[in-house]
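Presented below is the structure to which this report refers.
The values are calculated or read from the model by the stated rules, or taken from the named source; none is laboratory data. Please read all numbers here as calculations on a predicted model, not as lab measurements. Note that each Cβ is placed from the backbone with ideal geometry, even for glycine, and that neighbours are counted across all protein chains shown. Note: areas computed on protein heavy atoms with side chains; ligands, DNA, RNA excluded. Shrake-Rupley method; radii C 1.70, N 1.55, O 1.52, S 1.80 Å.
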Amino acid sequence: MDDKMYSVDEVADLLGLHVRTVRRYIREGRLKAVRIGKQYRIGRDGLEELTGRPEPAGRSAARVEVSSIVQVDNVDRHLADRLGTLVVSAAQSGPDPGQPVHIQVVHDEEGQRLKVVLLGGAAATAEVLRLIDAVLGEGGVLGREAGDD
């Protein structure tokens with residue numbers, strides 16, 4: 001018997017679902033879970049029953065996740081919108097749709113500061129960081145525009 005138990009977060013990652021969706025499946029009875037204290041644990045059999053297939057091979061291996069905050073100064077609203085759209089669309093069409101990079105773009109109008117928060121796999125996050133550097137770094141298209149004031 002396999003005693004592997006998954007947390008709600010792990011099941012959400014394995015299935016590419018939001019944590020709230022997994023909790024809703026548990027409440028609705030679509031996903032069998034055991035409550036241990038204040039947390040749910042899902043057995044491999046419950047996961048297989050929900051998906052109709054065994055756990056993907058190799059998915060239980062250690063996972064690397066990176067969180068990064070990129071701050072860019074002297075950015076007006078127009079440039080912030082353009083960069084945000086570019087970064088988000090590039091991440092959505094990234095190399096591994098099963099491991100998306102979650103991105104939040106925040107612009108501080110008063111401080112003319114842009115912050116890009118990235119959370120995802122190491123390789124996919126590195127690609128997004130390279131894109132930001134290529135666009136905003138010296139010689140980058142948007143980098144030149146920001147300095148043209």
Pick from region 4-35, criterion without any contact (Cβ under 8 Å) to a residue 12 or more places away in the chain and exposed (fewer than 12 other Cβ atoms within 10 Å of the Cβ), ranking: nearest to the chain's Cα centre (by Cα): H18
Considering region 104-124 alone, what residues qualify as being surrounded by 13 or more Cβ atoms within 10 Å (Cβ to Cβ) and over 16 Å from L86 (Cβ atoms)? D108, Q112, R113, L119, G120, G121, A123
Hey, does region 86-93 have a residue that's of a type outside the set (V, I, T), open to solvent by 60 Å² or more (accessible area, probe 1.4 Å), at pLDDT below 85 and closer than 17 Å to D13 by Cα? yes
Does R53 fit the bill of being open to solvent by 80 Å² or more (accessible area, probe 1.4 Å) and at pLDDT below 85? yes
